[in-house]
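These notes are about the structure you will find just below.
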Amino acid sequence: QSDLSALHERLASYIGMVALLILMTSVVVYLLSLQLQRTITRPIFNLARTAKTISTAKNYSVRAQKESNDEFGQLMDGFNEMLDQIQRRDAALHRANVELEKARSELEIRVEQRTKELREAQKIVMQQERLKALGQMASGIAHDINNALSPIVGFAELLMQIEVNLTADGRKYLKYIKTAGEDISHIVAGLREFYRLRDENEALHALNLNRIVEQV
């Protein structure tokens, strides 16, 4: 019976030692898990959360929080440096897009202005073509009118010179005919002047207003 009691005491002692060993092992495992979570799991989760935030919001100013200077700390530094580069490139791209939009707006304004100038130039050319056509027509008409007026003016002047028996009224009427023919000739000359190209240094002729008033 004494041997059985001693066996029970040894067995109880072994069980206690095993229980104590298991407890100590559990404590060590728990502490190791906490250390592992602090050094590995939490930085990885932090990095994954930061990457998801950047991917969702497209905000490259977000940075991963560095907690240590070990390999994971170096990984955080590399990740943040990569974000710095992306942010700088994104800012440069944004500035380039702004400059491009500004240049495109200026180009559209210039194109619109040049188009307006071109249309105005086309209108001027069309007007010049119309004036040219009108001038050609007026030139032909003036030539025909002058041919028709030459006998009227010439014979009226000839009659006043060679017909000595003309009455005063007849001579006056011939003078009216000659003056009217000359007036028509001047009007035709004015039509020619309408389309003729002028020189800046072209000399002007004096106009006798007294004679015009007397004729009127």
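The values are calculated or read from the model by the stated rules, or taken from the named source; none is laboratory data. Remember, it's a predicted structure, so these values are computed and weren't measured experimentally. A quick note on method: Cβ atoms are made from the backbone with ideal geometry, for glycine too, and the neighbour counts reach across all protein chains shown. Protein only, heavy atoms only, side chains kept; ligands, DNA and RNA dropped before computing areas. Shrake-Rupley method; radii C 1.70, N 1.55, O 1.52, S 1.80 Å.
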Quiz item: What list of ³J(HN,Hα) values in whole Hz, one per residue of the range 131-136 in order, does the Karplus curve 6.51 cos²θ - 1.76 cosθ + 1.60 (θ = phi - 60°) give from phi, with Gly and Pro shown as x?
Solution: 5, 5, 5, 5, x, 4
Quiz item: Comparing Ile162, Ile54, Ile152, which has the greatest mean-square fluctuation in the GNM of the chain with Cα pairs linked when under 10 Å apart?
Solution: Ile162
Quiz prompt | the range 142-216: relative contact order in percent, alpha carbon pairs under 8 Å with at least 6 residues between | solution = 37 percent
Exercise. Tell me the label-point distance for the pair Ala133, Arg192, using the 7 Å Cα-to-Cβ offset, in nm and rounded to one decimal.
Key: 2.4 nm
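Quick one: work out Rg over Rh on the C-alpha atoms of the range 101-145, Rh as Kirkwood radius. Mind dumping the intermediate values first?
Working: Rg = 19.3 Å, Rh = 13.1 Å.
Checking Rg against Rh, the ratio lands at 1.47.
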Exercise. Pairs of Cα atoms under 8 Å, at least six residues apart: use those to get the relative contact order of the range 53-172, whole percent.
Key: 13 percent
Quiz item: Want the number for Lys172 to Leu209: 0.36 nm per residue separation, take away the alpha-carbon distance, what's left?
Solution: 11.1 nm
Quiz item: How big is the charge dipole of the range 93-169 about its Cα centre, in debye rounded to the nearest 20, if each Lys and Arg gets +1 on its Cβ and each Asp and Glu gets -1 on its Cβ?
Solution: 760 debye
Quiz item: If you work out Cα Rg over 2.2 N^0.38 Å from the coordinates, which of (1) 1.76; (2) 3.36; (3) 0.96 do you get?
Solution: (2)
Exercise. Using the charge dipole of the chain (Lys, Arg: +1 at Cβ; Asp, Glu: -1 at Cβ; taken about the Cα centre), state which of Asn210, Ile44, Ser185 has its Cα farthest towards the positive end.
Key: Ile44
Practice problem: Report the charge-dipole magnitude of the chain in Debye, nearest 20, computed about the Cα centre from +1 at each Lys and Arg Cβ and -1 at each Asp and Glu Cβ. | Solution: 380 debye
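Share of the chain's accessible area from carbon and sulfur, percent, 1.4 Å?
Numbers: 10990 of 18240 Å².
Within the chain, the accessible surface is 60 percent carbon and sulfur.
Sort His205, His186, His143 by accessible area with a 1.4 Å probe, largest first. Write down the numbers at each step before the final one.
Numbers: His205 170, His186 125, His143 100 Å².
Final ranking, largest accessible area leading: His205, His186, His143.
Any idea what the relative contact order of the chain is, in percent, if you count C-alpha pairs under 8 Å spaced at least 6 apart?
Details: 75 pairs, mean separation 28.4, N = 216.
In percent, rounded to a whole number, it is 13.
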Exercise. When a/c is below 1.5 the answer is rounded, else prolate if a/b is larger than b/c, else oblate, so apply that to the range 144-184 with a ≥ b ≥ c taken from the square roots of the Cα gyration tensor eigenvalues.
Key: oblate
Practice problem: Choose one answer from Leu118, Leu20, Leu149: the residue with the largest mean-square fluctuation in a GNM of the chain with alpha-carbon springs under 10 Å. | Solution: Leu20
Quiz item: So for the chain, taking the charge dipole from beta-carbon charges (+1 Lys/Arg, -1 Asp/Glu), which of Leu11, Leu100, Thr25 sits furthest toward the positive end?
Solution: Leu11
Exercise. Have a look at Asn165, Asn69, Asn80 and tell me which one the Gaussian network model of the chain (Cα, springs below 10 Å) gives the largest fluctuation.
Key: Asn165
Quiz item: What list of ³J(HN,Hα) values in whole Hz, one per residue of the range 167-177 in order, does the Karplus curve 6.51 cos²θ - 1.76 cosθ + 1.60 (θ = phi - 60°) give from phi, with Gly and Pro shown as x?
Solution: 6, 5, 5, x, 5, 5, 5, 5, 5, 4, 4
Practice problem: Could you point to the residue in Gly170, Leu118, Ile145 farthest towards the positive end of the chain's charge dipole, with +1 and -1 charges on the Cβ of Lys/Arg and Asp/Glu respectively? | Solution: Leu118
Quiz item: Quick one: if the Förster radius is 41 Å, what FRET efficiency do Ala12 and Glu81 give, using the C-beta to C-beta distance and rounding to 0.05?
Solution: 0.10
Exercise. With only Lys, Arg, Asp and Glu charged, each at its Cβ (+1 for the first two, -1 for the last two), find how big the charge dipole of the range 150-216 is about the Cα centre; round to the nearest 20 debye.
Key: 180 debye
